[in-house]
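Student: Please find one structure pasted underneath; my questions will follow.
The values are calculated or read from the model by the stated rules, or taken from the named source; none is laboratory data. Keep in mind the model is a prediction, meaning the values are calculated, not measured. Reconstructed Cβ throughout: ideal geometry from the backbone, glycine too, with neighbour counts over all protein chains shown.
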Amino acid sequence: MLIVHQEAIGRALANLIWQEDPEGAPLAILVGHTHVQRMDRYGPVTTVNSGTAGAGGLFGIGSQSVGLALMDFDRQAGVLTATDLVQMTPSTTAARAQRVITASPDCDEQLVFCHDEPKLTELPATTAP
């Protein structure tokens, strides 16, 4: 597993790895930065963005949803087998949960995106803190 803060960099890296080794070993990349829950499948590489857990600060309290990604790994192989994407809005108690099986994801192009072939783009520029 790899952790990359900026989602765009993690997704570009997943694309690059897929292009270089289409039949390579499975890899999970945990990404963030956007505060939007999303999962992408790039051949053997899966990126997971769990969403946010209140990073909007005082102005987001009670209005932003809380997102979690519970990632299940095969302990012996070290391979991501499934991810539970859970999201809840504290102010309304509205919630949703979706279990995504890595080997056969239900691609809905809203929460779970499956890519048919590598599409290389420029790596996004990063800004210094």
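Here's the yes/no breakdown for (1) part of a strand (DSSP E or B); (2) modelled with pLDDT under 95; (3) among the charged types (D, E, K, R):
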| site | (1), (2), (3) |
| --- | --- |
| 30 | yes, no, no |
| 51 | no, yes, no |
| 64 | no, yes, no |
| 68 | yes, yes, no |
| 83 | yes, no, no |
| 88 | yes, yes, no |
| 99 | yes, no, yes |
| 114 | yes, no, no |
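Student: Further question on the same structure: Taking segment 38-47 as the region of interest, how many residues are assigned to a loop (DSSP other than H, G, I, E, B) and either at positive phi or buried (at least 21 other Cβ atoms within 10 Å of the Cβ) (or both)?
Tutor: From segment 38-47, those assigned to a loop (DSSP other than H, G, I, E, B) are 43-44; that's our starting set.
Remaining after also requiring either at positive phi or buried (at least 21 other Cβ atoms within 10 Å of the Cβ) (or both): 43.
Summing the residues that are assigned to a loop (DSSP other than H, G, I, E, B) and either at positive phi or buried (at least 21 other Cβ atoms within 10 Å of the Cβ) (or both) in segment 38-47 gives 1.
Student: While we're looking at this one, here's another question. May I ask you to say which residue of 74, 40 is farther than 23 Å from residue 9 by Cα, of a type in the set (D, E, K, R) and modelled with pLDDT of 95 or more?
Tutor: 74
Student: Against the definition (modelled with pLDDT of 90 or more, touching an Asp or Glu at 6+ places or on another chain (Cβ under 9 Å) and under 22 Å from residue 1 (Cβ atoms)), how does residue 47 come out, yes or no?
Tutor: Spelling it out, residue 47 is indeed modelled with pLDDT of 90 or more, touching an Asp or Glu at 6+ places or on another chain (Cβ under 9 Å) and under 22 Å from residue 1 (Cβ atoms).
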